[in-house]
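Participant: There's a structure below that I have some questions on.
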Amino acid sequence: MPTDTHVRHAVVMGAGMAGLAAARVLADSFEAVTVIERDTLPSASAPRAGVPQGHHVHGLLALGAEVFEGYFPGLRAELEQAGAPVWDWGEGLCAVLPNGIPPSTPMGMPIQTFSRPLLEHVLRQRVTALGPVTLRDGLTVIGLRTAAPGKVTGVRVKDGDGEDEIAADLVVDASGRSSHLPQWLAALGLPHPRTTTVDAQVGYASRTYSYPEGQAPPSWMGVLQPLRAPDFHKGCYAIQIENNALHVTLHGANGTQLPQNVDDFLSFAKSLRGPVADTIASLTPTSAVRRYARTVNRRIAYHRLARWPEGLIALGDSVCTFNPAYGQGMTVAALEARLLERMLGNRRAGTPLDGQAFQKRLARVTASSWLMATTPDRAWEQSRLSWHVKAGNWFMNRLIDTVPHDPQLYTAFSGLFHMTAGPLTLADPRLLSRVLIGPRQGGRPRTTTA
């Protein structure tokens with residue numbers, strides 16, 4: 001129920017994961033929440049033009065699933081009813097690491113796998129069922145509405161019928177990588193915020209498959225073969241999803257040529273270690289080969305601006321985007337929504353949200369994920385590595401090379417990967433010493449077949 005800090009109207013730009021999560025939180029504090037989406041949204045689970053990455057494998061980390069379940073009780077059960085399997089990360093994942101494949105290790109870490117369109121569809125239904133929320137699709141935000149310098153009072157929009165204005169007490173930019181906020185802030189007289197990018201030149205190619213009648217799925221629920229500079233230019237992530245389907249995304253880094261057609265796709269898969277190529281060879285393709293290359297890490301330092309307009313915040317990919325290969329984006333969106341909820345709840349009655357303070361705290365929320373994604377990606381820039389990037393990659397590579405032969409370390413690393421544990425987990429002397437010593441000599445990695 002709304003609290004005494006309740007105000008009138010919030011506008012959210014973007015109906016992706018970050019926008020839907022923000023709208024869910026805002027519905028507890030605002031009389032009305034309007035979500036504006038440029039795309040005309042499908043009525044069922046289906047890819048859409050504004051989310052081209054929706055054709056590729058998505059992963060919701062364990063922490064993100066926990067936060068979303070808190071905001072949408074019964075979400076996991078609803079997705080499972082729609083066919084999204086639930087499995088234990090340690091038991092169901094075939095992790096094809098540079099130094100071997102860890103043995104099956106029960107971790108008590110439940111993971112659910114599904115397509116991006118299914119999750120977005122279910123969340124969209126949940127959010128639009130909330131009393132205060134209205135979703136307006138097919139509508140493009142073209143600028144900010146202002147009443148005076150330093151104060152945002154809504155947005156300017158257009159559709160096929162012309163232009164209009166929508167008044168708001170709070171505007172949330174969750175429009176993603178295509179955000180125009182830096183230009184809009186410049187029009188208000190603010191300096192252009194510093195933008196940092198790290199580009200490992202990673203590209204994707206993906207397909208979905210079905211199992212022929214009578215053919216059992218493979219013993220694994222997911223296959224992960226990560227990229228690693230400078231030697232491992234190719235990788236993949238394959239997961240079993242709803243509709244008894246297998247979703248396969250092939251990765252290539254540092255300008256590696258990606259498959260463009262059916263034959264290329266299978267040839268690329270055969271160049272990998274692990275069971276993916278043998279598995280898909282007998283399956284029935286249910287999609288074309290889809291490619292995607294907008295994987296640059298980008299962070300816009302809104303938190304460092306000396307001035308920030310009242311009535312405005314930005315979150316999600318409009319502020320900080322990660323190479324999707326690390327699977328952090330949806331979980332970080334959930335954590336940003338949690339931050340928004342806490343700051344709205346901590347306001348004094350009748351006072352607006354402090355947007356500048358929000359951006360500063362948001363930067364802290366994204367800091368560790370940014371470091372986890374960009375440290376290995378910077379390693380592809382061999383000629384410009386700083387000492388701390390070299391040290392970070394040395395430690396991470398040592399850790400990953402030790403994991404296949406150490407179940408306890410594998411469990412600790414999985415907690416770090418899924419954000420259920422922090423980096424200090426590895427400061428435990430018993431674990432740290434194993435990483436520093438490295439993989440035991442003569443350790444034989446487990447082999448896996450389809």
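Participant: What strands (runs of 3 or more DSSP E) completely inside the range 100-166 contain at least 3 residues that are at pLDDT 95 or above and under 25 Å from the mean Cα position of the chain (by Cα)?
Facilitator: Ranges flagged: 110-112, 133-137.
Participant: Return the only residue of P42, P103, P52 being in the same structural domain as N244 (by TED's automatic domain parsing) and surrounded by fewer than 21 Cβ atoms within 10 Å (Cβ to Cβ).
Facilitator: P103
Participant: Among (1) modelled with pLDDT under 95; (2) hydrophobic (A, V, I, L, M, F, W, C); (3) buried (at least 20 other Cβ atoms within 10 Å of the Cβ), there is one condition A421 misses while meeting the rest; what is its number?
Facilitator: If we test A421 against (1) modelled with pLDDT under 95; (2) hydrophobic (A, V, I, L, M, F, W, C); (3) buried (at least 20 other Cβ atoms within 10 Å of the Cβ), just (3) comes out false.
Participant: Being in contact with a strand residue (DSSP E or B) (Cβ under 8 Å, 6 or more places away or on another chain) and of a type in the set (A, V, I, L, M) is the filter here; which residues of the range 70-85 pass it? Don't jump to the end; show me each part of the working.
Facilitator: So the first thing to find is which residues in the range 70-85 are in contact with a strand residue (DSSP E or B) (Cβ under 8 Å, 6 or more places away or on another chain), and the list is 76, 79-80, 83-85.
Within the range 70-85, L79, A84 qualify.
Participant: Another question about this same structure. Go through (1) surrounded by 23 or more Cβ atoms within 10 Å (Cβ to Cβ); (2) within 24 Å of S178 (Cβ to Cβ) and name the single condition L61 misses.
Facilitator: L61 satisfies every listed condition except (2).
Participant: Oh, and also: So T351 passes all but one of these: (1) closer than 22 Å to V171 by Cα; (2) among the β-branched types (V, I, T); (3) within 23 Å of the chain's Cα centre (by Cα). Which condition number does it fail?
Facilitator: Result: T351 fails condition (3) only.
Participant: Working only within the range 371-390, note down all residues that are under 25 Å from the mean Cα position of the chain (by Cα), in a helix (DSSP H, G or I) and not charged (D, E, K, R).
Facilitator: L371, M372, A373, T374, T375, P376, V389, listed by residue number.
Participant: Then there is this: Which members of the range 324-367 meet the condition of being modelled with pLDDT of 95 or more, farther than 20 Å from R24 by Cβ and surrounded by fewer than 19 Cβ atoms within 10 Å (Cβ to Cβ)?
Facilitator: D354, Q356, A357, K360, A363, R364, A367
Participant: If you don't mind, there's one more thing I want to ask. Would you mind stating whether D173 is in contact (Cβ under 8 Å) with a residue 24 or more places away in the chain, surrounded by 21 or more Cβ atoms within 10 Å (Cβ to Cβ) and acidic (D, E)?
Facilitator: In short, yes.
Participant: If W184 satisfies all but one of (1) modelled with pLDDT of 95 or more; (2) surrounded by fewer than 20 Cβ atoms within 10 Å (Cβ to Cβ), what's the number of the condition it fails?
Facilitator: Among (1) modelled with pLDDT of 95 or more; (2) surrounded by fewer than 20 Cβ atoms within 10 Å (Cβ to Cβ), the lone unmet condition for W184 is (2).
Participant: Just to verify a result, which residue in the range 267-305, among those that are under 22 Å from N243 (Cβ atoms) and aliphatic (A, V, I, L, M), is nearest to the chain's Cα centre (by Cα)?
Facilitator: V289
Participant: Return the pairs, sorted by first residue and then second, in which the second residue is in a loop (DSSP other than H, G, I, E, B) and modelled with pLDDT of 90 or more, the first residue lies in the range 338-353 and is in the same structural domain as G311 (by TED's automatic domain parsing), the beta carbons are less than 6 Å apart, and the residues are 6+ apart or on different chains.
Facilitator: As it stands, the answer is L344/S29, since those pairs meet every condition given.
Participant: Please verify whether the range 179-186 includes one or more residues that are assigned to a strand (DSSP E or B) and in contact (Cβ under 8 Å) with a residue 40 or more places away in the chain.
Facilitator: no
Participant: A follow-up question, please. So for the range 385-394 (the condition being touching a Leu at 6+ places or on another chain (Cβ under 7 Å), outside the structural domain of G108 (by TED's automatic domain parsing) and under 24 Å from V332 (Cβ atoms)), does at least one residue qualify?
Facilitator: Among the residues of the range 385-394, not one is touching a Leu at 6+ places or on another chain (Cβ under 7 Å), outside the structural domain of G108 (by TED's automatic domain parsing) and under 24 Å from V332 (Cβ atoms), which makes the answer no.
Participant: Please specify each residue of the range 89-103 satisfying the condition of being touching a Gly at 6+ places or on another chain (Cβ under 7 Å) and closer than 13 Å to S414 by Cβ.
Facilitator: Correct list: G92, L93.
Participant: Looking for something small (G, A, S) and surrounded by fewer than 21 Cβ atoms within 10 Å (Cβ to Cβ) - is there at least one such residue anywhere in the range 190-200? Steps first, please.
Facilitator: As a first pass, look at the range 190-200 and keep what is small (G, A, S): 200.
Filter again for surrounded by fewer than 21 Cβ atoms within 10 Å (Cβ to Cβ), leaving none.
For the range 190-200, residues small (G, A, S) and surrounded by fewer than 21 Cβ atoms within 10 Å (Cβ to Cβ): absent.
Participant: Give the range 238-252 a look and list any residue that's in contact with a strand residue (DSSP E or B) (Cβ under 8 Å, 6 or more places away or on another chain) and on the phi < 0 side of the Ramachandran plot, or say none.
Facilitator: Listed by number, the residues that qualify are A238, I239, Q240, I241, A245, L246, H247, V248, T249, L250, H251, G252.
The values are calculated or read from the model by the stated rules, or taken from the named source; none is laboratory data. Everything quoted here is computed from the prediction, not taken from an experiment. Neighbour counts are summed over all protein chains in view; Cβ atoms, including those assigned to glycine, are modelled from backbone coordinates with ideal geometry.
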